[in-house]
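The next block holds one structure in the form of structure tokens; read it before the comments.
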Amino acid sequence: MRRARWMVIAFILSAGIARADENPAAHGKSTYGLAGCGLGSMIFGDQKGWIQVLAATTNGTFGTQTFGISSGTSNCVESSGTQGARTFIEGNREALAKDAARGSGETIITLSAVAGCKDARAVGAVLQKRFAQLFPGEKTPVDQVSQNVIKELRSNSSLACGKIG
Amino acid sequence: MRPARVALLALAISTPGFALAEEGAKPDPTYLPELLAAARNRSLSEDRSWLRLGHWRKRLLGGWESEADGPGLFLSPQGKRDPAAELEATLNGFFAEGDGAPVGPKLGDPSLEHPQCRFPARFAWLAATLRIDLARLPPRSCPRFEAFWRRVSARSATLVFSSYYLNNPASAFGHIFLRLGKEELASGGERLDLIDQAVDFAAVTNTSNAILYAFEGLFGFFRGEFSARPYFYKVREYADYESRDLWEYELSLDERQLAMLVGHLWELGQTWFDYYYVTENCSYHVLGALEAADSNLELLSHLGPATLPADSVKALFANPGLVRAVRFRASARTQLAARTAGLSGTDLDAVQRLAEGRDSAALDATSTPERVRVIDAALDLVDVRHGRDIVTGADPAADVLRQRLLEKRSAIGVPSPPLVIPPPSAGGPERGHGSMRFGLGAMTSREEGSALLVEGRLALHDLADPPAGFSPRTQIEFFKLRLSVADRRRALRLEEASVVEVTSLNPIERFERRISWKLRVGATRVVDDGCHGCVAGMLAVGGGPGIVSAGGAFSAALTADAELLAAPELSGLSGSGVRPGVGPGVLLRLLGTDRVALVGTGSWRWLPLASPRMSYELSVEARVHLGAISVAARWRKAPRAEDVGLVLLIYRG
């Protein structure tokens, strides 16, 4: 069979495409509030975070609009950068708080990678040390928590979190 | 508005020296008739890959019909029933002029997109199969598909099984979805699965009424749609919030198959499928999408009439080599068990005190690693107990408790070592017995003499079935029927029928005091003096303390039961045909390895204002498991029945 040779699928990426988070129009910043790309802020807004997530996944109230594959409302790259970090922090708030108190764990490793930090262990140590200031409890709005954490990661130059500069 | 300068598109390179047309090049209209003729000559519309891409299935009376119920998967008005018309419309569409990318408020309307961008998997498949000359049919730029492609960045595809969750009827059989892996690793080498995209097919429901839900779900009143979201939402929801273990089955798809999968999921995102809880459900359409991505896979043909998530995992294993890795992600409750496993009695006391908001003087005197272990366990215990309420804001006191404990933990300033949890020894759903069960046997009773027994069950597992691959705490059965033909009467009669029968054994343990409970909806033959062996509709519930010890080898529950029987002939409440009853129930189970199970039940009922005033039933069943078959011996005693039976049980996928 020569199939293997000619059934190669090539995906061509152009350098000319603006990164989604640098181009507000590409993701409808005005339409979707704070972040445009921020799946997190779209869902969470100023609401209690998880309830919205659960609504989205279990009964689909938000599912079709927010997570639709082709409806185009969440087509940004969320796996890195400031928006990615914010989405991740907000979507993992309780788990991240627990890992931060413990100074280690999967959410810290993932956040470190999303934010481009050099060493997840160092990030864990910083989040643990500054825990009480960064995670003041559920009364604090979730976007405040993400702001706290991102600010901390940015300001601590020894962490070298290169993707959230 | 012009789309981005060069877009990403699936390109099938048909000749070694292929040439990609210039940006903005126009398709050659004289090429279309050539392609249409080639497709017709080769009967491509009946090619199995094409049929899978459109989800067309043979109709009972001939012809084809697509399972997709939304119009979005078809360009031809006849597309749902006519794969050939759809193929021609697709080729026609690929030659369409114009930018066609929806913008602004119409962003969410995929039907405004160019057909090449709506159907990238079709384009890739047709381009490869017809060896389309891409200079004469230039691929377009597709910014929105490209954004999806980049968001997903799939380098692997994994089927995820989320374990049984009895507290939500939608998830009682587990759930299946896909994780499209970026296969990124952290600098320390750890997997970064949380930022992968999860794609699942779920019903868009509009009711929280369980009965309405069951009805609409069974008969296809809900729409099911594909959606994508970061995997961490799934982990938080299932593993944390609902405390369900996740089993992950990584598939050995090559690059082309992965690209086809992502492209096809994009296509499916435009449509919906009527959702049938038992058949066309999450498992069914996820497997259908995988089959479309790789036409060599045989998945749906391995499913029985009821499509259960566990069966779709087994369908993967029916394709040798398809599963290349199995991973296990522990739920909140499993993590708690792992954290408390090695702790001493005094440490466990301290965990309990901390999780209840009290201080532990003994703890302050211990070593740092020990304090870390105790507080880490207490944190998990708080989350297992109060996680929901904390997240929903329903319990501010629990939130304060958790926050205090978190701050106490952070003040120690030492990182916790990673928690490594091996998969449970009972194994994943792939090790479980077939969910359908047929039984043939004989019984003999004092009243009826000997009789032939025939029984069947659509799904899934009872407490005496082979335990591998299932939770030892759960019985969940759907559509069970037991018939007998007595030698004397020569007439077929109903012994038992269940629409649903559920038992959830929850051990009363140090940290968790949840009650065990059971529920049954169905019909049963009355075996007391309430009527002469009539069949009565039945609704029964019960709850009480339980024990599950030694990994499930010994279980017991003592329950307070309430039941309602109804039949025209029944001497029920004040002479009516409705008979309520209340009383205690007891359940005992012993498992001897994976081979032998012994289950005993007993119940006593007070029947107010009915005749008789009380009833009881005792039963014992022993089962020996011999691979795909089991042998069951049963004994039962009730006021008007005493029988023994021997049944051969056959489990089927």
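The values are calculated or read from the model by the stated rules, or taken from the named source; none is laboratory data. Note that the structure is predicted; figures quoted are calculated from it, not measured. All Cβ positions, even for glycine, are placed from backbone atoms using ideal geometry, and neighbour counts span all protein chains on display.
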#### Entry: Subset of the range B:318-361 [out of contact with any Pro (no Cβ under 9 Å at 6 or more places or on another chain) and assigned to a strand (DSSP E or B)]
B:Val323, B:Arg324, B:Ala325, B:Arg329
### Query
If the Cβ limit is 9 Å and pairs must be 6+ apart or interchain, which residue in the range B:123-148 that is touching a residue at least 12 places away in the same chain (Cβ under 8 Å) and at positive phi pairs with which residue that is in a loop (DSSP other than H, G, I, E, B) and polar (S, T, N, Q)?
B:Arg131/B:Ser14; B:Arg131/B:Thr15
### Qualifying residues in the range B:40-87 (those that are of a type in the set (Gly, Ala, Ser) and at positive phi) - the one surrounded by the fewest Cβ atoms within 10 Å (Cβ to Cβ)
B:Gly62
#### Entry: Unique match (being within 14 Å of chain A (Cβ to nearest Cβ) and part of a helix (DSSP H, G or I)) among B:Leu401, B:Leu419
B:Leu401
## Note on the structure
Scanning the range A:139-160 residue by residue, those charged (D, E, K, R) and either touching a residue at least 12 places away in the same chain (Cβ under 8 Å) or farther than 30 Å from B:Pro396 by Cα (or both) turn out to be A:Asp143, A:Glu152, A:Arg154
### Message
Being out of contact with any Gly (no Cβ under 7 Å at 6 or more places or on another chain), surrounded by fewer than 16 Cβ atoms within 10 Å (Cβ to Cβ) and touching a residue at least 40 places away in the same chain (Cβ under 8 Å) narrows it down to one residue among B:Pro466, B:Pro422, B:Pro418; which is it?
### Response
B:Pro422
### Query
Among the residues of the range B:466-521 satisfying the criterion of being part of a loop (DSSP other than H, G, I, E, B), charged (D, E, K, R) and out of contact with any strand residue (DSSP E or B) (no Cβ under 7 Å at 6 or more places or on another chain), which is farthest from B:Gly304 (Cα to Cα)?
B:Arg510
### Query
Among B:Ser498, B:Ser484, B:Ser516, B:Ser450, which is of a type outside the set (D, E, K, R), assigned by TED's automatic domain parsing to the domain that holds B:Phe438 and within 22 Å of B:Ala556 (Cβ to Cβ)?
B:Ser516
## Note on the structure
Within the range B:476-504, residues being touching a Lys or Arg at 6+ places or on another chain (Cβ under 6 Å) and touching a residue at least 60 places away in the same chain (Cβ under 8 Å) number 1
### Task
Select from the range A:129-149 the residues that are buried (at least 16 other Cβ atoms within 10 Å of the Cβ) and of a type in the set (Val, Ile, Thr) and write down the one among them that is farthest from B:Arg388 (Cα to Cα).
A:Val149
### Query
Among B:Thr366, B:Thr346, B:Thr392, which is the only one that is within 27 Å of A:Val126 (Cα to Cα) and free of Cβ contacts under 8 Å to residues at least 24 places away in the same chain?
B:Thr366
### Query
Which one of these does B:Asp133 not meet: (1) at pLDDT 85 or above; (2) out of contact with any Ser or Thr (no Cβ under 8 Å at 6 or more places or on another chain); (3) acidic (Asp, Glu)?
(2)
### Task
For A:Val142, indicate whether it is of a type in the set (Val, Ile, Thr), in contact with a helix residue (DSSP H, G or I) (Cβ under 6 Å, 6 or more places away or on another chain) and at pLDDT below 95.
yes
### Query
within 19 Å of B:Leu308 (Cα to Cα) and among the hydrophobic types (A, V, I, L, M, F, W, C) - does that describe any residue in the range B:432-447?
yes
### Query
Out of (1) modelled with pLDDT of 90 or more; (2) more than 9 Å from chain A (Cβ to nearest Cβ); (3) not in a loop (DSSP other than H, G, I, E, B), the odd one out for B:Glu183 is which?
(3)
### Leading residue by the ranking (farthest from the chain's Cα centre (by Cα)) among those in the range B:39-79 that are in a loop (DSSP other than H, G, I, E, B) and among the hydroxyl-bearing types (Ser, Thr, Tyr)
B:Ser43
### Query
Which condition breaks for B:Leu258 when tested against (1) more than 12 Å from every other protein chain (Cβ to nearest Cβ); (2) touching a residue at least 60 places away in the same chain (Cβ under 8 Å)?
(1)
### Matching strands (runs of 3 or more DSSP E) fully within the range B:541-653 where at least 2 residues are surrounded by fewer than 18 Cβ atoms within 10 Å (Cβ to Cβ) and at pLDDT 95 or above
B:554-566, B:578-592, B:596-606, B:614-626, B:629-638, B:641-652
### Task
Evaluate the range B:18-35: report whether one residue or more is within 17 Å of B:Asn92 (Cα to Cα), touching a helix residue (DSSP H, G or I) at 6+ places or on another chain (Cβ under 7 Å) and either modelled with pLDDT of 95 or more or within 14 Å of chain A (Cβ to nearest Cβ) (or both).
yes
### Message
For the range B:260-288, which positions are β-branched (Val, Ile, Thr) and assigned to a helix (DSSP H, G or I)?
### Response
B:Val262, B:Val286
### Query
Out of all the residues in the range A:78-96, is one or more of a type in the set (S, T, N, Q), more than 8 Å from chain B (Cβ to nearest Cβ) and surrounded by 24 or more Cβ atoms within 10 Å (Cβ to Cβ)?
yes
